[in-house]
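Enquirer: The structure's right below; bear with me while I get my questions together.
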Amino acid sequence: MTIRSNSGAPLLEVRNLQRFFPIRRGLLRRVVGQVRAVDDISFHIDRGETLSLVGESGCGKTTTARCILRALKPTAGEVLFQTGAGEVVDTASLPKAALTPYRHQMQMIFQDPFSSLNPRMTVFDIIAEPLLASGIKNRDQRRARVENLLERVRLRPEFMQRYPHAFSGGQRQRIGIARALALNPSLIVADEPVSALDVSVQAQILNLLLDLQDELGLTYLFVAHDLSVVKHISDRVAVMYVGKIVEIAETDQLFKAPKHPYTEALLSAVPKPDPRLRSERIVLQGEVADPAHPPAGCYFHPRCAHAIDRCRSETPPLEEVLPGHRVACHRARELSLKGVDAPPSPHPQQLRTL
Amino acid sequence: MSKAKPPPTYESPFQSELDEATFATAAEERVSVATQWQLMWWRFRKHRLAMISAFVIIAFYLVALFADFLAYADPHKTEAFRSLIAPQPIHFFDEGRFSPHVFALVGKRDPRTFKRVYEPDPTQKVALRFFAEGYAYKFLGLFKTNRHLIGVEDGNAEELIFLLGTDQLGRDLWSRMMVACRLSLMIGLAGVALSLVLGVLLGGISGLYGGAIDTLIQRLIEILRSIPTIPLWMGLAAAMPRDWGVVQVYFAITVILSLIGWTDLARVVRGRFLALREEDFVLAAELAGVGQMRIILRHMAPSFLSHIIAATTLALPNMIISETALSFLGLGLRPPAVSWGVLLQDAQNIQTVAISPWLLSAAIPVVIVILAFNFLGDGLRDAADPYG
């Protein structure tokens, strides 16, 4: 399904990425604390691969996505991106102006198909804007490119004079995808691209993303909170909890044999189409930890059924327990957790008939 | 977009969803390709009160433009023998035929009070003429003429027609009200224009840069707004040299009014900037490498322009009423300038109100214009965000 390059460096490597938001109080707006939205995470994405970032809302997945695109400046850490020319740049440390030549190589697909398209611009202007910004002054040239892009996302080119309000949510999302593709990016960061859509439309958009990956050799960082969506499109999955990655593994491996109790709880919440397969749902006790005042030790311990004394005092490192399977849990090796032994992930062709 | 062209075929299993939007009716298609201004106009048109108000306001500004033409008597000419004449009705028909005329007035002394009273004499009919000659003025400030909408055949209109009566000094109130439109309505425009420049500039800076600059500007606005306006105006008006001419005072008043007026607009602009800065489409443009200037002009400005227009329309009546209030209190424009507030100065005591209530008529256009601006502003505000 994916085209993997054999060249050594991954397309994107994130090292010890941190992003804190200061909490300011009082008249002088003094900093009284930090919200540790993204707290020291590392991962990589190979060319042509899809990595999904999963977690509850507020766990820092969107912040991570925005830091990678430098919509937010990371507090610390490195975001190493392999450019088209083969060199590796650290987008986290480059000054904003120096980023411009690399901007077009990573693009974003937004969650909300309504607020992500300027309602006051025609579809043509929206999709052609990146082209214009990159210096294509010839209107006919832009027009041809927009037509091509609209066909790629399966929209009729005649629609380009329309305004976004004339389209449905799914169609708007296609326009957003076309805009992201306009500059031939190598990395697409998709921030929950289907969670605002109807379930029937979700499958169409996911299939479109898969088709585009095949056609254009794209690499996706796919942010989601819905594991069932993730399962169909990702090669690997990273689970985040309160700003940290707690588990990262190949999709099948993670679904079949999760090693972190939090992943197990998330998996138990995945709806199963077959009522006979309904398993016991693990309902987590308590609230998600406050990223401004995280608990000592493992952030998950107050809600964990398997917590021991060590979990309350010592932060577990992200360790490789199996090849390519890394977990941040002291008891990863001893626990046997329940995964989803549902039938293998349906082929995209099957998805379409959903 | 031609409908005849056969739809291209795609190897797509979800053709049906795509076709949904293809076969839109002509009316739907018209909406699909409509710009924001078209959508706003369509929505505004449905607001009946606002539409009527728009016409009323246009009419008022036309009056201001053609004030001298609509007046028939020199608004500055005083005559002790014509003081405090009551309004005089126009008779449109004379013995069944259309012939507008007024009855001539005969002045008499009341034997008991020795007051001069005027009584119409039905036997003396003064025929009114359209486009008659009267006092000389400069039409639109461009060329000299002496034509007026109404006048008398031969003789002096100032001595014969008193549609709204006269004031203490015998000046014709109708003519003065026409001319007053000019200053009262223009001071609103000038004041708002100045407020707009200050408001958009400071509000834009505040919203765009945030941080310390934002805090500074916001505190400044709060301080300015916490100053009681009437004492402030009184102080500033007292500081104005007595020997300033009408034009100088006029500009000074405009500046004083917009000193407070910009704060509202600055807040509107700042609020829009803050809201838009967080919009995904702005981030998308940033990520696409679009320059900041273009983001502001192409993405942000069109979204708050309509809000600014609505806010401006709602700020105008404040300006007009402030001018009227200031002039009424004797702090704003002073005679010989003619504005609604100056006219109302004559109606300050109970005596005038009891004996010559027509001096209060200058309040009527004030009320109408303020209401019309408020309704228009409401309509514009409702139409300002056609996507909301």
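Enquirer: Could you check the spin-label model distance between B:PHE143 and A:LEU216? Points 7 Å from the Cα along Cα→Cβ, value in nm.
Expert: Using points 7 Å along Cα→Cβ, the separation is 6.5 nm.
Enquirer: Among DSSP beta bridges lying fully in the protein assembly as shown, give the percent that are antiparallel, nearest 5.
Expert: Details: 52 of 70 bridges.
Bridges in the protein assembly as shown are about 75 percent antiparallel.
Enquirer: Take every Cα pair under 8 Å in chain A that's 6+ residues apart, average their separations, divide by the length, and report that relative contact order as a whole percent.
Expert: After rounding, I find 19 percent.
Enquirer: Inside 10 Å of the C-beta atoms of B:272-282, what's the mean count of C-beta atoms belonging to other chains? Before the final figure, lay out each step's value.
Expert: Numbers: counts 0, 0, 0, 0, 1, 0, 1, 5, 12, 15, 3.
That works out to 3 on average.
Enquirer: Working with all protein chains in place, sort A:ASP214, B:ASP68 by solvent-accessible area computed with a 1.4 Å probe, largest first.
Expert: A:ASP214, B:ASP68
Enquirer: How would A:ARG142, B:ARG129 rank on accessible area, largest to smallest, probe 1.4 Å?
Expert: Working: A:ARG142 25, B:ARG129 100 Å².
Final ranking, largest accessible area leading: B:ARG129, A:ARG142.
Enquirer: 5 Å is the cut-off here: which amide hydrogens, built 1.01 Å from N in the peptide plane, fall below it relative to B:GLN124, excluding neighbours closer than 5 in sequence?
Expert: Counting only residues 5 or more places away or on other chains, the set is B:ALA104.
Enquirer: Next question, about the same structure. Quick one, can you get me the convex hull of the C-alpha atoms of segment A:13-144 expressed as volume per residue in Å³?
Expert: Value for segment A:13-144: 179 Å³ per residue.
Enquirer: I would also like to ask the following. Given a Förster radius of 60 Å and the C-beta distance between A:ASP90 and B:THR229 as r, what FRET efficiency does 1/(1 + (r/R0)^6) yield to the nearest 0.05?
Expert: Numbers: r = 56 Å, r/R0 = 0.93.
After rounding to 0.05, the efficiency reads 0.60.
Enquirer: Nearest 0.05, what FRET efficiency do B:GLN124 and B:MET51 give at R0 = 41 Å with Cβ-Cβ as r? Show your work: numbers first, answer last.
Expert: Values: r = 45 Å, r/R0 = 1.09.
Calculated transfer efficiency: 0.35.
Enquirer: If you place +1 on the Cβ of every Lys and Arg and -1 on the Cβ of every Asp and Glu, how big does the dipole about the Cα centre of the protein assembly as shown come out, in debye to the nearest 20?
Expert: Using only the charged Cβ atoms, the result is roughly 960 debye.
Enquirer: Take every residue in peptide A:159-169, count the Cβ atoms of other chains within 10 Å of its Cβ, and give the average of those counts.
Expert: If you average over the peptide's residues, the count of other-chain Cβ atoms is 5.
Enquirer: How compact is segment B:250-301 by the rule of thumb for globular proteins, expressed as Cα Rg over 2.2 N^0.38 Å?
Expert: After normalising by residue count via 2.2 N^0.38 Å, the value is 1.61.
Enquirer: Given a 10 angstrom Cα cut-off, can you work out which residue in A:CYS304, A:CYS329, A:CYS67 is the most mobile in a GNM of chain A?
Expert: Looking only at A:CYS304, A:CYS329, A:CYS67, the largest GNM fluctuation is found for A:CYS304.
Enquirer: Using Cα atoms only, what is the angle between the long axis of helix B:211-226 and the major principal axis of chain B, expressed in degrees (0 to 90) to the nearest 10?
Expert: 20 degrees
Enquirer: Helix B:48-65 versus the longest principal axis of chain B: what is the Cα-based angle in degrees, 0 to 90, to the nearest 10?
Expert: 50 degrees
Enquirer: Treating only the Cβ of Lys, Arg, Asp and Glu as charged (+1, +1, -1, -1), what charge dipole size does segment B:105-225 show about its Cα centre? Round to the nearest 20 debye.
Expert: 180 debye
Enquirer: What is the distance in Å between the Cα centroid of segment B:125-142 and that of segment B:365-388?
Expert: 35 Å
Enquirer: Multiply the residue gap between B:LEU220 and B:ALA27 by 0.36 nm, knock off their C-alpha separation, and tell me the result in nm, one decimal place.
Expert: 64.5 nm
Enquirer: For an R0 of 56 angstrom, estimate the FRET efficiency from the Cβ-Cβ distance between B:VAL117 and B:GLN38 and round to the nearest 0.05.
Expert: 0.40
Enquirer: OK, next. Just how much of A:VAL88 is accessible, in Å², when a 1.4 Å probe is used and the result is rounded to the nearest 10?
Expert: 80 Å²
Enquirer: Provide the packing ranking of B:178-190, B:303-315, B:139-151, i.e. peptides ordered by the mean count of other C-beta atoms within 10 Å per residue, highest first.
Expert: Highest-to-lowest ranking by the protection proxy: B:178-190, B:303-315, B:139-151.
Enquirer: If you take the alpha carbon radius of gyration of segment B:137-180 and divide it by 2.2 N^0.38 Å, what ratio comes out, to two decimals?
Expert: Ratio of Cα Rg to 2.2 N^0.38 Å: 1.26.
Enquirer: Could you go through segment B:286-302 in sequence order and give the Karplus-derived ³J(HN,Hα) for each residue, using 6.51 cos²θ - 1.76 cosθ + 1.60 with θ = phi - 60°, rounded to whole Hz, and x for Gly and Pro?
Expert: Result, rounded to whole Hz: 4, 5, 7, x, 6, x, 5, 4, 5, 4, 5, 6, 8, 9, 8, 4, x.
Enquirer: For chain B, with a Gaussian network of springs between Cα atoms less than 10 Å apart, report the residue from B:ASP121, B:ASP243, B:ASP154 with the top mean-square fluctuation.
Expert: Of B:ASP121, B:ASP243, B:ASP154, the most mobile in the Gaussian network model is B:ASP243.
Enquirer: Okay, moving on. Order the following by accessible area, largest value first: A:GLU215, A:GLU56. Probe radius 1.4 Å; ligands, DNA and RNA are ignored.
Expert: Values: A:GLU215 90, A:GLU56 50 Å².
Accessible-area ranking of A:GLU215, A:GLU56, largest first: A:GLU215, A:GLU56.
Enquirer: Taking the Cα centroid of segment A:198-228 and of segment A:231-249, what is the distance between the two, rounded to the nearest whole Å?
Expert: 16 Å
Enquirer: Then there's this: If the chain between B:GLN348 and B:ILE368 were fully stretched, how many nm would it gain, using 0.36 nm times the residue separation less the Cα-Cα distance?
Expert: Result: 5.1 nm gained on full extension.
Enquirer: Please list the equivalent ellipsoid semi-axes of the protein assembly as shown, computed as the square roots of five times the alpha-carbon gyration tensor eigenvalues, in descending order and whole angstrom.
Expert: 73, 30, 22
Enquirer: Using only the Cα atoms of segment B:25-110, what semi-axes does the equivalent ellipsoid have when each is the square root of 5 times a gyration tensor eigenvalue? Give whole Å, largest first. Mind dumping the intermediate values first?
Expert: Numbers: eigenvalues 504, 68, 24 Å².
Equivalent ellipsoid of segment B:25-110: 50, 18, 11 Å, largest first.
Enquirer: What percent do you get for the relative contact order of chain B when only Cα pairs under 8 Å and 6+ apart count? Show your work: numbers first, answer last.
Expert: Numbers: 556 pairs, mean separation 78.2, N = 388.
Relative contact order here is 20 percent.
Enquirer: Sticking with this structure for a sec: Along the principal axes of its C-alpha atoms, what lengths does segment B:218-268 span, in descending order and rounded to whole Å?
Expert: 37, 19, 13
Enquirer: What does the highest-first list of A:176-185, B:344-353 look like by mean Cβ count within 10 Å? Before the final figure, lay out each step's value.
Expert: Working: A:176-185: 24.0, B:344-353: 14.4.
In descending order of packing, they fall as A:176-185, B:344-353.
Enquirer: Which of the residue pairs A:LYS61/A:LYS259; A:LYS61/A:LYS338; A:LYS73/A:LYS259 have a Cα-Cα distance greater than 22 Å in the structure shown?
Expert: A:LYS61/A:LYS338; A:LYS73/A:LYS259
Enquirer: Beta carbons within 10 angstrom, averaged per residue: use that to sort the peptides A:123-134, B:27-38, highest first.
Expert: Highest-to-lowest ranking by the protection proxy: A:123-134, B:27-38.
Enquirer: What distance in nm separates the simple spin-label points at A:GLU287 and A:ALA97, each placed 7 Å from Cα in the Cβ direction?
Expert: Each label point is offset 7 Å from its Cα along the Cβ direction, giving 4.5 nm.
Enquirer: What average count of beta carbons from other chains do you get within 10 Å of the Cβ of residues in B:366-377?
Expert: Taking the mean over all residues of the peptide, I get 0.
Enquirer: Can I ask one more? To the nearest 20 debye, what is the magnitude of the charge dipole of chain B about its Cα centre, counting +1 on the Cβ of each Lys and Arg and -1 on the Cβ of each Asp and Glu?
Expert: Values: 34 positive and 34 negative charges, 161 e Å.
That gives chain B a dipole magnitude of about 780 debye.
Enquirer: Rounded to whole Å, give me the distance from the Cα center of segment B:215-265 to that of segment A:49-88.
Expert: Each part reduced to its Cα centre gives a spacing of 51 Å.
Enquirer: Express in % the proportion of alpha carbon pairs of chain A at distances exceeding 38 Å.
Expert: Percentage above 38 Å: 19.
Enquirer: Pick out which of B:VAL117, B:VAL200, B:VAL269 has the largest mean-square fluctuation in a Gaussian network model of chain B, springs linking Cα atoms closer than 10 Å.
Expert: The residue that fluctuates most here is B:VAL117.
Enquirer: If you fit an axis through the alpha-carbon atoms of helix B:229-239 and take the longest principal axis of the Cα set of chain B, what angle between them do you get, 0 to 90°, nearest 10?
Expert: Tilt of helix B:229-239: around 60 degrees.
Enquirer: Same structure again: Which of the helices in chain A, when you take each full DSSP H run, stretch at least 20 Å along the axis at their Cα atoms and have an average Kyte-Doolittle score of 0.0 or higher?
Expert: The qualifying helices are A:199-216.
Enquirer: Label points 7 Å out from Cα along the Cβ direction at A:ARG312 and A:ASP140: separation in nm?
Expert: 7.6 nm
Enquirer: Against the empirical 2.2 N^0.38 Å scaling, what ratio does the C-alpha Rg of segment B:193-285 come to? Let's see the in-between values first.
Expert: Numbers: Rg = 16.7 Å, N = 93, 2.2 N^0.38 = 12.3 Å.
Here the Cα radius of gyration is 1.36 times the empirical estimate.
The values are calculated or read from the model by the stated rules, or taken from the named source; none is laboratory data. Here the structure is a predicted model, which means the values were calculated and not measured. Every residue, glycine among them, receives a Cβ derived from its backbone with ideal geometry; neighbour counts consider all protein chains shown. Protein only, heavy atoms only, side chains kept; ligands, DNA and RNA dropped before computing areas. Shrake-Rupley method; radii C 1.70, N 1.55, O 1.52, S 1.80 Å.
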